[in-house]
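Below you'll find the structure, written out as structure tokens, and then a few comments.
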Number of protein chains: 2
Amino acid sequence: MDVKPMKLKGKKIDLESGDHLVILHRDDAERMGLRSQSRVSVNKEGRNTTAVVEISESLIDKGEIGLVEKVIQDLKVTQGDELKVVQARRPESIEHIKEKLEGEELSTHGINEIIQDIVEGRLSDIELSAYVSGVYANGMSNREIKDLIHAMIDTGDRIEFDEHPVFDHHSIGGVPGNKITLLIVPIVAAAGLMIPKTSSRAISSAGGTADIFETLANVCLSVNEIKEIAEDVGGTIAWGGAVNLAPSDDMIIRAEYPLRIDPYAQVLASVLSKKKAAGAEYLVMDIPVGENTKVETIEKGRKYARDFVSLGEDIGIETRCALSYGGQPVGRAVGPAIEAKEALMALEGKDVPSSLIEKSTTLAGMVLEQGGISDGKEEAKRLLNSGEALDKMKQIIDKQGGDPEVTSDDVEIGEYSEDIRAVEEGYVDSINNHQIINIVRAAGGPHCKGAGLFLDKKKGDKVERDEVLYTIYSESKSELKKAVKAANHLKPLKVEGMILEEHPKVEKVC
Amino acid sequence: MDVKPMKLKGKKIDLESGDHLVILHRDDAERMGLRSQSRVSVNKEGRNTTAVVEISESLIDKGEIGLVEKVIQDLKVTQGDELKVVQARRPESIEHIKEKLEGEELSTHGINEIIQDIVEGRLSDIELSAYVSGVYANGMSNREIKDLIHAMIDTGDRIEFDEHPVFDHHSIGGVPGNKITLLIVPIVAAAGLMIPKTSSRAISSAGGTADIFETLANVCLSVNEIKEIAEDVGGTIAWGGAVNLAPSDDMIIRAEYPLRIDPYAQVLASVLSKKKAAGAEYLVMDIPVGENTKVETIEKGRKYARDFVSLGEDIGIETRCALSYGGQPVGRAVGPAIEAKEALMALEGKDVPSSLIEKSTTLAGMVLEQGGISDGKEEAKRLLNSGEALDKMKQIIDKQGGDPEVTSDDVEIGEYSEDIRAVEEGYVDSINNHQIINIVRAAGGPHCKGAGLFLDKKKGDKVERDEVLYTIYSESKSELKKAVKAANHLKPLKVEGMILEEHPKVEKVC
């Protein structure tokens, strides 16, 4: 009812939180009957956007309205432009969020409203968090998830390929050192199938695939570049954040991240909406299972697999899933540059852990079989061993603006390093994924691409006292020091002797 | 792991949202490894507080830290003071919030952590909203609620009376025009029992008891003033927001308000923690039941009643509850000043709706019976009719800095008014509480105390065509216009003829 529009002068401000935020002077807000967290519609010459209100007396003058970058872009405002500001209605989607908190199944319309309001910045942090909380607490039916996928696709861009079919792969992540995309994409492309892969940067990991490949080439490609490169050489590895595919996903993650929750339905919708918007027709999913990964039990992994296959079919993506071993890092290298190096070594036929080769060729083989190539894994191995995959990788690096002559020796790892040694002999009993990631982050990763960790020993390996367990790399002395301190505190590798205890205990007498 | 403390200069900023917020320059934030929504510990000479980080380049200079009022108070900072800023740990309470979202029963420790972190401003809006959402979605056991009440009491002040016993009453609200406290407090005090009542201001209503009584006296009393006045004249009506009783409640409401959710467990804990902190030993609860109130069904009302009684007993408050009729406003007046006027009229023995007298004396009578006075309702009526309650009210008004000689004629209602008339004859079939509130808010309430509405007709009344249904009052012409527009649109009173339809329909031929 409190509808008193005002004309205010736009003033650029920058605040990181909230894509759609405006700051009003307290007096103006009171005149309009607005309070902190109210919503306003901001209009300029036919363009309009909705924003959440913040109130201040010192940051903004009376008669002015502080605008963040996104609002400025939406309205094409120049400093000092006059804007019409009026209280906006309470979004209907809040009622649907409430329904989800109450355990109801949402209608297609309700889901569309929620995603639309998220993308258009109409929901405050409190409301967005209630949505994520509701989905986490009460889940979604497959019908709701399917609607959610469509709503997430429809509120963003899509890549329309002229060539078909379009193959894709994706890992739901959680296991460090998982540089398999840098092997799978060139193998699949070398087999003549088209695989335009969009990847994420690290959110809670030591380095996403986009961070890793960025040490070799440019990953910030436009929709047109992705299309051109894929149709030309058969493969790309691009950063998904540079294109506007299913953009609601990133906004939803903003609320999930501080809570460290991954609502099951949202994970399914997040992956499948991005893949569908990116044009995928065939998809192979990697689902790492193990303690300290996202999927901790085989039962949960199987449920994911079943739902990915069935929802994929519903939206027109033929999907196959592999549950993979996530009990320790894949390969030996963890961190952006060092993972790129290990992947290149594998393509060059150098000595790398067989677990990396096995996992990559199995998944690449599944893609090949979707493309009608029999004995997919064998063919994947052949393409790797023959050097055809390496040649393809060089073409992709070239097309993405990198140096096609790059070799694994050229990749620069942080110049400061320290070996962490065993304090006693025994066997490596376990490796904690989370703690490995924490050490690489302490060393500066993923922001500093040279930060990383190399595992000299993996699970089950015999270790002598004083032998090197792993090596930490960093681009700065102080961060290395911090990472070593973290390593000594966290002890990510547990070494046990074969004899754990003796009974009855023998008292030592000196 | 990212622990790089920095020394920054404090700079006062004002932003309404978030009690514990600091703004850092992007460069400083990056040096410390912080992002938007990170948490920092801010220290000055032994004092320290936790705050949520916001990042900017334009609002704050490098080397400075923007501080909101609450942080300035906590640390006793003067502009330009040097502060030590360091990344804070992720609060343990977030794990407990996650447990609640997963449907687990929280431990006493978990509940204490959550409430402590809320009070100390360690949770961001996203995290706070997830807590409220979790309690709304999954509820709490009575054991959890009891722990919650204790946690909410222990993180604030308490009023310790020298005289006993301490009586109190409370309405969970939702029905407009519920000015009963202005009758109950003087009646109970006139009977010689002590009733120090703390009340709220309007959150979503047209006026809370504190807003209403403020038109007659000062309601911003300190803990000591409440104690002194109650022990002297037997009663007070104070604004709860001016004292620090169970302060987590207001912070939790901040997240409930935009979602318009009242988690059941939180309502119980909110009321009982405030009452216990205010020293109550006996409590009479009013639970209005009806369409368009907080409690829509008698079953839900009974559940509230049972839980209030049982939880009250657990924490040492002898509680009785009355389920009251909430199907239309109580009395005829809705809005701060006009409700004060109607309450004074009742105390002065003037003609007011019997429903207001019945409800007030029934509830006051329940308090009297808790105090050992038999035939409570009869005694309450006697105290009202004899003028003893009016004399007591004058003493209370006097002690709270108002004019003790005030009469109902002196109370000023908004000078602009308009009658809303029936467009056809019939019977008032229903009155929509929400819409009544919306009209008063459109007229300027509760901010403008003169805004209000007087119901000339109530449910079941016979109405002639063109007869006045209700009158709207406002302090400004433009707001009156807005309220009238709202009234014509909302039509809060539904008038039906006795004959709703005739069959077969007679075609009119002219």
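Structure summary
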| item | result |
| --- | --- |
| Modelled FRET efficiency - R0 25 Å, A:Asp14 with B:Arg31, Cβ distances, 0.05 increments | 0.90 |
| Label geometry 7 Å along the beta-carbon vector: B:Lys477 inter-copy distances in nm | 7.8 |
| Those residues of the stretch B:423-442 whose amide nitrogen sits under 19 Å from the label point placed on B:Lys462, 7 Å along Cα→Cβ | B:423-430 |
| Degrees separating the helix A:108-119 axis from the principal Cα axis of chain A, which is the longest one | 90 degrees |
| Rounded to the nearest 20 debye, dipole of the stretch A:93-139 from Cβ charges on Lys, Arg, Asp, Glu | 100 debye |
| Nm distances between copies for A:Pro5, ranked from closest, using label points 7 Å along Cα→Cβ | 5.4 |
| Kirkwood Rh in Å, taken over all unlike Cα pairs in the protein assembly as shown | 32.2 Å |
| Gyration tensor verdict on the stretch B:74-170 (Cα atoms; rounded if a/c is under 1.5, prolate if a/b is larger than b/c, oblate otherwise) | oblate |
| Angle between chain A longest axis and helix A:433-442 axis [Cα atoms, degrees, rounded to 10] | 70 degrees |
| Peptide B:101-107, shielding by other chains (average Cβ, 10 Å cutoff) | 2 |
| Inter-site label distance for A:Glu92 and A:Lys494 at 7 Å from Cα along Cβ, in nm | 5.4 nm |
| The stretch A:97-172 - charge dipole about Cα centre, Lys and Arg +1 at Cβ, Asp and Glu -1, debye rounded to 20 | 260 debye |
| Using distinct alpha-carbon pairs, which all enter the 1/r mean, Kirkwood radius of the stretch B:233-340 in Å | 15.5 Å |
| Cross-link pairs beyond the 31 Å C-alpha cut-off, checked among A:Lys7/B:Lys458; A:Lys98/B:Lys377; A:Lys98/A:Lys276; A:Lys84/B:Lys485 | A:Lys7/B:Lys458; A:Lys98/B:Lys377 |
| Chain A, relative contact order [Cα under 8 Å, separation at least 6], % | 13 percent |
| Three-way shape call for the stretch A:6-87 based on the alpha-carbon gyration tensor, with the a/c threshold at 1.5 | rounded |
| Average beta carbon contacts from partner chains per residue of A:50-59, 10 Å cutoff | 4 |
| Between the stretch A:235-257 and the stretch A:114-169, the Cα center-to-center distance that results, in Å | 11 Å |
| Cα-based convex hull, the stretch B:93-139, per residue volume (Å³, whole number) | 58 Å³ |
| Three principal axis lengths of the stretch A:167-408 [C-alpha, angstrom, descending] | 43, 36, 35 |
| Label point 7 Å beyond Cα along the C-beta direction, distances from A:Ile298 to other copies (nm, shortest first) | 5.7 |
| Chain B - convex hull of the alpha-carbon atoms, volume per residue in Å³ | 198 Å³ |
| Per-residue average of Cβ from other chains inside 10 Å of B:131-137 | 6 |
| Rounded tilt (10° steps) of B:388-399 against the dominant C-alpha axis of chain B | 30 degrees |
| Taking the C-alpha atoms of the stretch A:117-269, convex hull volume expressed per residue in Å³ | 125 Å³ |
| Projected label distance in nm at A:Ser430 and B:Asp157, using a 7 Å step from Cα toward the beta-carbon | 5.0 nm |
| Furthest towards positive pole of dipole, B:Ser476, B:Leu216, B:Ser124, structure part chain B, Cβ charges | B:Ser124 |
| Residues A:Lys377 and A:Asn48, FRET efficiency given R0 of 56 Å [Cβ-Cβ distance, rounded to 0.05] | 0.55 |
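Any read-out appearing in this document is the output of simple, stated calculations on the displayed coordinates, not a laboratory observation. As the structure is a prediction and not an experimental result, all values here were calculated from the model. Cβ atoms come from the backbone with ideal geometry, glycine included; neighbour counts cover every protein chain shown.
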